[in-house]
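Trainee: The structure follows.
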Amino acid sequence: MTKQNENRVVITGMDAICGLGHNIGEIWNCLIEGKSGISLIEYHDTENLPVKIAGEVKNFTISEEILPKKEAARFDRFLHMALHSAWSAWENSGLKDQNPYKPENIGCIMGVGMGGFPVIEKTYETFLAKGSRRVSPFFIPSLIPNMSSGLISISLGLTGVNYSLSSACASSGHAISASVNEIRTGKQDVMVTGGAESVICNLPISGFASMKALSKRNDDPQGASRPFDSDRDGFVIGEGAGLLVLENLDHALKRGATIIAEIVGHGSSSDAYHITAPHPEGVGASKCIEKALSDAGITPEMIGYVNAHGTATPLGDIGETKALKKTFKDHAYKLKISSTKSMTGHLLGAAGGLESIICAMAIREGILPPTINLDNPGPECDLDYIPKNAQKVQVEYALNNSFGFGGTNSSLIFKRFTN
């Protein structure tokens, strides 16, 4: 199928959950007000942990309408969040009440970086204390990454494509890209996609801390995530989900759907450099963005806003800044860029899902969320990162970057919808 004959892909529903709120309305209001969702961890004992802060979702219990209490107990927290946001996104799309599509023409591809680590920890404790016979028969289904797409497909009755991708912190970016391709090529009419992650527990925190990847500002949770700031000392782990309903434009218009934004480009690449460190010159990230621009058929000067990967690691923020300069050249200094991880923390495999929604909201609302805690930009971080306060700026195109361990990169381009 040639490019001109490909189906256009639009967003008709979306919702999210993270430390800022249980739905995109709550999250968006906090973002544009520059509020932090990072706090001391409450749901896990942190006595023996070097890091005691996270973008933790508070007061969340999945609705029994979505997952009855008995069934909910069988599944890890990341699956609860995936289902919670999937249901809301599905309802927001209008397809819950009026769905003209055949079930086999609707699929689900999810991005999950790590899966059910909390369940693994708890089950291993049970195994050591009481033996193998006390390991639940639901242990494996409760934690495997692809159960996110599986449960969503079962819950919504979707019989099209069903799988999950795991590419570290680029997972949901790649899942969205794969979903776009399903619709572009006519294999599916509708896709539910995005990501979910919840690994605020002993082993992941200990592992990231041992790598010196996490901020240790335990006495200042809200000031801990400092992307592009000279005093940044690592990312703050977050949890949550970001889900989108993508649809074939022609079919969406025919059913009278409300169109939030269009996805016009995606790219992926590999640094082929190091297992955890980004390429110091941003070469792989730059190639990824270039591929997304080429796929969208636009010039670099047409991008107005970038939701950066921006994790607040010393090397990562410099590498991304260099990638933006390499790709956009002089226009890099005209770009409006922000890292919303300064408020949400880093949702790992779910980051691209949440941040894609933020890009769509920024385009629709004409407001660009800030990078908070940016008091003194690092000497090699000299672009416009929208410090501290949101800005009312109308943009036509927005770019979201997601980069992961292993040198994997994802870039997505969103456009204001015009028919």
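The values are calculated or read from the model by the stated rules, or taken from the named source; none is laboratory data. Everything numeric in this text was worked out from a predicted model, so none of it was measured. We place every Cβ from the backbone using ideal geometry, glycine too, and count neighbours over all the protein chains shown. Only protein heavy atoms, including side chains, enter the accessible area calculation; ligands, DNA and RNA are left aside. Shrake-Rupley method; radii C 1.70, N 1.55, O 1.52, S 1.80 Å.
Trainee: Being touching a Cys at 6+ places or on another chain (Cβ under 9 Å) and at pLDDT 95 or above narrows it down to one residue among G353, G366, G345; which is it?
Mentor: G345
Trainee: I'd like the full set of residues that are part of a loop (DSSP other than H, G, I, E, B) and under 21 Å from S339 (Cα atoms), limited to region 202-214.
Mentor: Taking region 202-214 and keeping what is part of a loop (DSSP other than H, G, I, E, B), we get 211-213.
Across region 202-214, the qualifying residues are K212, A213.
Matching residues to (1) over 30 Å from R8 (Cα atoms); (2) outside any helix (DSSP H, G or I); (3) open to solvent by 20 Å² or more (accessible area, probe 1.4 Å):
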| site | (1), (2), (3) |
| --- | --- |
| L128 | yes, no, yes |
| S136 | yes, yes, yes |
| S149 | no, no, no |
| S164 | no, yes, yes |
| Q188 | no, yes, no |
| G195 | no, yes, no |
| V199 | yes, yes, no |
| K216 | yes, yes, yes |
| D219 | yes, yes, yes |
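Trainee: Out of the residues in region 396-419 that are of a type in the set (V, I, T) and in a strand (DSSP E or B), state the one that is surrounded by the fewest Cβ atoms within 10 Å (Cβ to Cβ).
Mentor: Looking at residues that are of a type in the set (V, I, T) and in a strand (DSSP E or B), I get T408.
Trainee: To continue, here is another question. Just to verify a result, which residue in region 4-44, among those that are free of Cβ contacts under 8 Å to residues at least 24 places away in the same chain and more than 19 Å from S356 (Cα to Cα), is surrounded by the most Cβ atoms within 10 Å (Cβ to Cβ)?
Mentor: Looking at the filtered set, the residue picked out is E42.
Trainee: While we're on this one: Filter region 269-307 down to residues that are open to solvent by less than 60 Å² (accessible area, probe 1.4 Å) and in a strand (DSSP E or B), then give me how many there are.
Mentor: Total meeting the criteria: 4.
Trainee: Among the residues of region 97-117, write down those that are open to solvent by 10 Å² or more (accessible area, probe 1.4 Å) and touching a helix residue (DSSP H, G or I) at 6+ places or on another chain (Cβ under 6 Å).
Mentor: Selection gives G113, F117.
Trainee: Quickly run through region 314-335 and pick out the residues that are closer than 15 Å to G267 by Cβ and under 21 Å from the mean Cα position of the chain (by Cα).
Mentor: E320, A323, L324, listed by residue number.
Trainee: Within the set of pairs 6 or more residues apart or between chains, which connect a residue that is among the polar types (S, T, N, Q) inside region 45-61 to a residue that is in a loop (DSSP other than H, G, I, E, B) with Cβ atoms less than 9 Å apart?
Mentor: Correct list of pairs: T46/K52; T46/N218; N59/H22.
Trainee: Output the number of residues of region 52-91 satisfying the condition of being under 17 Å from L246 (Cβ atoms) and within 19 Å of the chain's Cα centre (by Cα).
Mentor: From region 52-91, those under 17 Å from L246 (Cβ atoms) are 82, 85-91; that's our starting set.
With within 19 Å of the chain's Cα centre (by Cα) added as a condition, the list becomes 82, 85-90.
Qualifying residue count for the region: 7.
Trainee: Please tell me if A54 is open to solvent by less than 50 Å² (accessible area, probe 1.4 Å), within 22 Å of N218 (Cβ to Cβ), touching a strand residue (DSSP E or B) at 6+ places or on another chain (Cβ under 8 Å) and not in a loop (DSSP other than H, G, I, E, B).
Mentor: So A54 passes the test.
Trainee: Determine if region 295-313 includes at least one residue that is more than 30 Å from E247 (Cα to Cα) and within 17 Å of the chain's Cα centre (by Cα).
Mentor: yes
Trainee: Here's another thing I want to ask about it. Tell me the residue from I41, I11 that is among the aliphatic types (A, V, I, L, M), within 15 Å of S198 (Cα to Cα) and out of contact with any Pro (no Cβ under 7 Å at 6 or more places or on another chain), please. Spell out the reasoning first.
Mentor: Numbers: I11 fails: within 15 Å of S198 (Cα to Cα).
So the residue among I41, I11 that is among the aliphatic types (A, V, I, L, M), within 15 Å of S198 (Cα to Cα) and out of contact with any Pro (no Cβ under 7 Å at 6 or more places or on another chain) is I41.
Trainee: Take G310 and decide whether it is at negative phi, modelled with pLDDT of 95 or more and open to solvent by less than 10 Å² (accessible area, probe 1.4 Å). Let's see the steps before the verdict.
Mentor: On the way: at negative phi: no; modelled with pLDDT of 95 or more: yes; open to solvent by less than 10 Å² (accessible area, probe 1.4 Å): yes.
Criteria not met by G310.
Trainee: Also, I was wondering about something else. For the structure I just gave you, tell me whether L79 is assigned to a helix (DSSP H, G or I) and open to solvent by less than 50 Å² (accessible area, probe 1.4 Å).
Mentor: Here the answer is yes, as L79 does meet what is asked.
Trainee: Something else now. Which of the residues spanning region 227-267 are hydrophobic (A, V, I, L, M, F, W, C), in a strand (DSSP E or B) and closer than 21 Å to Y385 by Cβ?
Mentor: Passing the criteria: only F235.
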